[in-house]
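Before any comments, here is the structure.
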Amino acid sequence: MKILVLDAVNKNTLAIVRHLGREKKYEIHTVYHSKLSISIYSGYIKRSHKLSNPANSGKYKHDLIELLKQEKFDLVIPVGFSTYKICAEIRDEIKKYSDVIVTTSENIDSTISKAKTYSIAEEVKIPYPKTFVAQTLNDLGKIKIKFPLVIKGPFEAGNNIVKYADNENELKVEWKKMVEKYGFTSPDMPLIQEYIRGRGYGFFAYYDEGKLKRYFMHKRLREDPATGGASTCAESFRDEKLFEHGKKILDHLNWNGVAMVEFKKGDDDGEYKLMEINPKFWGSLDLSLCAGVNFPYYLIQRHLKEEVAYSDDYNDIRFQWLLNGELFHFFQRPLSLFAITGDLFISKNDIWLRDIKPNIFQLLLILVRFYKLFKK
């Protein structure tokens with residue numbers, strides 16, 4: 001079986017390539033637009049194909065279809081935000097030459113817009129942070145939410161556009177900077193939210209045309225940025241309320257394929273509050289794979305028309321992303337060294353000795369990054 005995994009630059013692409021590749025059942029190809037893409041150095045890759053940057057969606061669509069015409073892949077697996085959106089938009093065209101399993105463009109559009117996401121949460125009665133949208137600088141004075149506040153870009157862009165404000169002056173300064181930097185215009189202006197003190201939690205799922213087949217939940221232990229961001233250490237988790245919230249919103253959307261629903265559990269009230277819906281593979285995919293929930297394989301089963309049996313079983317695992325994760329968390333929170341070191345003895349991690357080249361390349365990139373910082 002010949003599989004094309006997109007987004008070679010992503011760390012979760014490397015997780016997919018490694019876990020499918022070690023089975024020695026598949027011919028795995030990947031797509032990149034930059035030589036800085038970590039997955040192209042994996043020994044499990046048969047061939048890497050250079051296409052245009054998916055940020056240029058029109059050119060990328062053309063390049064991808066041309067590649068599919070030439071190579072005849074059985075299955076295309078998008079990984080990043082942009083390529084999921086692109087594949088949803090041209091799903092019918094892709095299916096002339098290959099197979100792809102994604103949700104609808106309408107669903108992806110609903111998750112792109114944070115306002116639409118919270119509107120859905122309101123509709124299905126799932127808690128979310130108190131939110132305000134200011135159309136002008138003067139509107140900021142009308143906010144009735146206590147500081148500290150979080151300022152977020154109105155759309156999911158594949159990277160976090162987030163700032164924090166501890167007082168009214170900081171709010172005005174950071175809001176204005178964000179609007180000018182990203183060119184936001186009315187009515188699509190940044191969202192201003194209450195800051196939820198607490199840990200991040202995730203509900204991850206594979207759906208087959210609206211029916212939940214497999215799921216996984218995790219709890220974040222450390223993040224980068226340390227104030228709230230991608231997992232640098234996380235562990236398997238189980239909670240009925242988290243399950244109910246995650247399933248409820250994806251059922252409502254009649255989901256298809258994979259998705260992540262992200263929550264924060266407030267320290268003050270113990271309530272899970274919806275942060276976002278991620279309509280694609282998530283950055284912490286390694287953890288669910290090591291816990292025995294092989295989401296990429298379920299896409300293969302779907303392609304082969306094999307039944308994916310419903311199951312709620314998975315292993316209790318703790319996982320660390322060492323180089324491009326724990327290292328950066330440590331620099332922000334030096335006292336975390338003891339927790340990070342202790343977890344090395346009980347956790348799985350993303351260093352694969354049998355496929356070490358991507359990790360060596362990752363380390364070189366980090367060294368170059370630090371060199372540039374210190375040079376400044």
Notebook entry, point to check: Taking only pairs six or more apart or across chains, which ones have beta-carbon atoms under 6 Å, a first residue in segment 198-210 that is within 23 Å of V100 (Cβ to Cβ), and a second residue that is basic (K, R) and modelled with pLDDT of 95 or more?
Noted result: Y206/K213; Y206/R214
Notebook entry, point to check: Among the residues of segment 317-329, is there at least one that is in a loop (DSSP other than H, G, I, E, B) and either out of contact with any Lys or Arg (no Cβ under 9 Å at 6 or more places or on another chain) or surrounded by 24 or more Cβ atoms within 10 Å (Cβ to Cβ) (or both)?
Noted result: yes
Next item on the list: Scan segment 290-303 and give yes if some residue there is touching a strand residue (DSSP E or B) at 6+ places or on another chain (Cβ under 7 Å) and at positive phi, otherwise no.
Entry: no
Next item on the list: Look through segment 132-164, keep the residues that are in contact (Cβ under 8 Å) with a residue 60 or more places away in the chain and open to solvent by less than 60 Å² (accessible area, probe 1.4 Å), and return whichever of them is farthest from A55 (Cα to Cα).
Entry: F132
Next item on the list: Could you tell me whether K146 is modelled with pLDDT of 90 or more and either within 18 Å of D251 (Cα to Cα) or not in a loop (DSSP other than H, G, I, E, B) (or both)?
Entry: no
Checklist line | Matching helices (runs of 4 or more DSSP H) fully within segment 16-104 where at least 1 residues are surrounded by fewer than 16 Cβ atoms within 10 Å (Cβ to Cβ), more than 21 Å from the chain's Cα centre (by Cα) and not charged (D, E, K, R) | finding: 57-71
Next item on the list: May I ask you to list the residues in segment 284-297 that are surrounded by fewer than 21 Cβ atoms within 10 Å (Cβ to Cβ) and either touching a helix residue (DSSP H, G or I) at 6+ places or on another chain (Cβ under 8 Å) or within 30 Å of F155 (Cβ to Cβ) (or both)?
Entry: N294, Y297
Check: Which residue pairs have Cβ atoms closer than 6 Å, lie 6 or more positions apart in sequence or on different chains, and pair a first residue in segment 3-16 that is in contact (Cβ under 8 Å) with a residue 24 or more places away in the chain and within 16 Å of L67 (Cα to Cα) with a second residue that is open to solvent by 20 Å² or more (accessible area, probe 1.4 Å) and assigned to a helix (DSSP H, G or I)?
Finding: A8/I40
Checklist line | Filtered residues of segment 227-236 (kept if more than 14 Å from M260 (Cα to Cα) and among the hydrophobic types (A, V, I, L, M, F, W, C)) | finding: C233, A234
Check: Take the residues of segment 66-92 that are hydroxyl-bearing (S, T, Y) and out of contact with any Ser or Thr (no Cβ under 8 Å at 6 or more places or on another chain): which is farthest from D109 (Cα to Cα)?
Finding: T83
Check: Name the residues in segment 261-283 that are in a loop (DSSP other than H, G, I, E, B) and open to solvent by less than 20 Å² (accessible area, probe 1.4 Å), would you?
Finding: P279, F281, W282
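The values are calculated or read from the model by the stated rules, or taken from the named source; none is laboratory data. Just so it is clear, the model here is predicted, and its values are computed rather than measured. So basically every Cβ, Gly included, is an ideal-geometry build from the backbone, and we count neighbours across all protein chains shown. We work out accessible area using only protein heavy atoms, side chains counted, and drop any ligands, DNA or RNA first. Shrake-Rupley method; radii C 1.70, N 1.55, O 1.52, S 1.80 Å.
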